[in-house]
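Each remark here refers to the structure printed beneath this line.
The values are calculated or read from the model by the stated rules, or taken from the named source; none is laboratory data. Given the structure is predicted, the values throughout are model-derived calculations rather than measurements. Here Cβ is always computed from backbone atoms with ideal geometry, including for glycine, and neighbour counts include all displayed protein chains.
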Amino acid sequence: MDNDREVDRVLMNIKKGNKGAVSLLVFSAQMQMRLLVFLARMAEKAFVPNKTLGQYQDFLKKTEGKYQIYNIPVPGWHSEKIAQLQEMEMKLEKTESRAAARSLRKEIDGLKKEIPELAQLEKLGITHFVLPKLNGRANTLQVAVGKDSIENFKAWYMNHLNDTLTGGSLSLEDLKAFTEDNYSIVNMPFEGESVKEMQHDFEVMGINYSILPDLSVGDGNTQVAVANKDQEKMNSWFQMWREKQLKEGNTPGDCRQISREAYLETSEVDVEDYIAGTDRKYKEADAEFAKDGQTLELSGKSIKNEHSPEFENLKKDPGYVMVTINKKSLVDSLQMTEALRCEAEKYGMFLSRLPGTWGENQEILALHKDMVFEADGGATYVAFLPKNEEARVLACDGKPQRREPGDVLALYGRVERGFSKVGNLTSEIPEELQKGLKETVQKASGPVEKAAEVAEKAVKI
């Protein structure tokens with residue numbers, strides 16, 4: 001599937017659901033956008049609760065789009081309760097009676113406590129987003145974990161796996177105790193019937209082992225913990241198994257030791273893996289949108305002028321600061337990829353060059369068009385920047401850059417006079433920054449005189 005084509009316009013107003021604008025983090029990666037689109041489609045088809053999309057957007061904001069999806073094996077009855085929880089949350093959204101809704105919320109809260117995986121992640125403060133369970137009877141749960149929480153998550157994950165071991169001759173805890181932690185994890189290049197054959201042979205040969213949970217069912221591999229003292233026996237067995245496969249005309253893979261980290265990494269999945277693992281009806285519903293050319297549209301946005309009621313309302317809001325953006329020097333001269341330009345148009349975003357940045361180091365200020373107004377006959381824009389929130393700054397390729405509110409505000413001139421003179425306003429850049437800008441430009445290609453001229457113009461923006 002063409003990912004560029006799949007980065008559709010996402011629904012701003014899902015019926016009975018979230019009404020917030022899509023986060024600016026959609027710029028950061030197509031795969032994040034792909035999941036956002038998929039969840040919106042599932043909500044539109046009433047396959048998942050409407051609130052799911054908003055929860056994912058909140059997760060993106062909290063993690064700045066930096067996360068990893070993990071496949072977590074769970075007992076069958078946990079899997080059933082997770083699916084039941086999803087159904088109850090959808091039922092709650094359709095419940096109009098306050099009394100019935102209150103009763104249903106209590107049931108939902110009680111059910112969550114019966115699903116230890118969810119309760120434990122919450123208790124440990126791990127930043128996560130539980131993806132909708134759309135893989136039917138599969139006893140797995142997919143959870144996106146914020147990068148800052150991954151180490152804590154992995155520690156929890158190993159404990160969880162110890163509790164859900166499929167077993168072998170020994171449980172992993174027993175194997176650890178029996179061998180005094182002298183064991184290795186081995187990746188076997190087979191699944192299914194060959195595993196049963198291996199178990200039988202290992203027990204006959206007296207090999208101490210434990211089969212670890214398969215964190216990636218269907219990848220053709222099985223992970224086994226084997227006592228170090230039994231490694232030679234295991235190698236001999238594998239050589240016999242390999243020769244047998246070759247005689248039967250098969251091409252077997254290799255047996256290799258892997259680290260604990262490498263084992264946990266087998267549980268990592270990407271967005272397309274998650275979608276591909278969903279049941280057929282969900283994949284067919286997803287495909288319908290692309291086939292029919294359907295998109296989940298954001299309402300189109302155009303930039304209003306300074307005489308609009310929206311401008312006056314923002315002007316009175318103490319949480320915002322008005323700044324001027326020169327159209328010619330900061331908007332028309334902006335350099336960015338065509339993909340980013342298209343994304344901005346799709347999502348109603350206004351992009352401008354951050355003063356003092358250009359070339360390879362150019363940075364882009366991204367604002368929703370609701371926050372920007374035309375002034376001075378269109379030669380100047382007036383934007384409203386939040387005082388206490390991080391400004392959304394992007395690299396040329398759309399990758400988010402962290403910037404403190406004050407750092408960005410310092411680059412712009414605040415509006416302190418009537419708009420008849422707004423075109424004459426200039427940004428007041430600190431003296432030390434002006435010096436840094438000139439030094440940067442002088443390193444650029446071209447005559448020094450031209451570079452100095454550019455720098456002088458830059459600090460007057």
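Assorted remarks:
This table checks each residue for (1) outside any helix (DSSP H, G or I); (2) closer than 16 Å to Leu85 by Cα.
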position	(1), (2)
Leu118	no, yes
Pro132	yes, yes
Val145	yes, no
Ala155	no, no
Met158	no, no
Leu161	no, no
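- Subset of the range 124-166 [within 17 Å of Leu53 (Cα to Cα) and among the polar types (S, T, N, Q)]: Thr127, Gln142
- Long-range neighbours under 6 Å by Cβ, at least six apart or interchain, first residue farther than 28 Å from Ile150 by Cβ and modelled with pLDDT of 90 or more within the range 97-126, second of a type in the set (Phe, Trp, Tyr) and not in a helix (DSSP H, G or I): none
- Odd one out for Trp241, checked against (1) under 22 Å from Leu141 (Cβ atoms); (2) modelled with pLDDT of 90 or more: (1)
- Of all residues in the range 315-331, those that are more than 20 Å from Glu389 (Cβ to Cβ) and in the same structural domain as Leu354 (by TED's automatic domain parsing) have Cβ atoms under 8 Å from Cβ atoms of residues that are charged (D, E, K, R) and not in a loop (DSSP other than H, G, I, E, B), 6 or more apart or on another chain, in Ser329/Arg353; Ser329/Lys457; Leu330/Arg353; Val331/Arg353.
- Scanning the range 274-281 for residues that are at pLDDT 85 or above, assigned to a helix (DSSP H, G or I), touching a Lys or Arg at 6+ places or on another chain (Cβ under 6 Å) and under 15 Å from Ser216 (Cα atoms) turns up nothing.
- Filtered by the rule that a residue be modelled with pLDDT of 80 or more and either within 24 Å of the chain's Cα centre (by Cα) or among the hydrophobic types (A, V, I, L, M, F, W, C) (or both), the range 387-415 gives Arg392, Val393, Leu394, Ala395, Val408, Leu409, Ala410, Leu411.
- Test: Ile211 is assigned by TED's automatic domain parsing to the domain that holds Trp237, modelled with pLDDT under 90 and at negative phi: yes
- Helices (runs of 4 or more DSSP H) fully within the range 1-83 that include at least 2 residues being at negative phi, at pLDDT 60 or above and crowded, with 22+ Cβ neighbours inside 10 Å: 30-44, 51-63.
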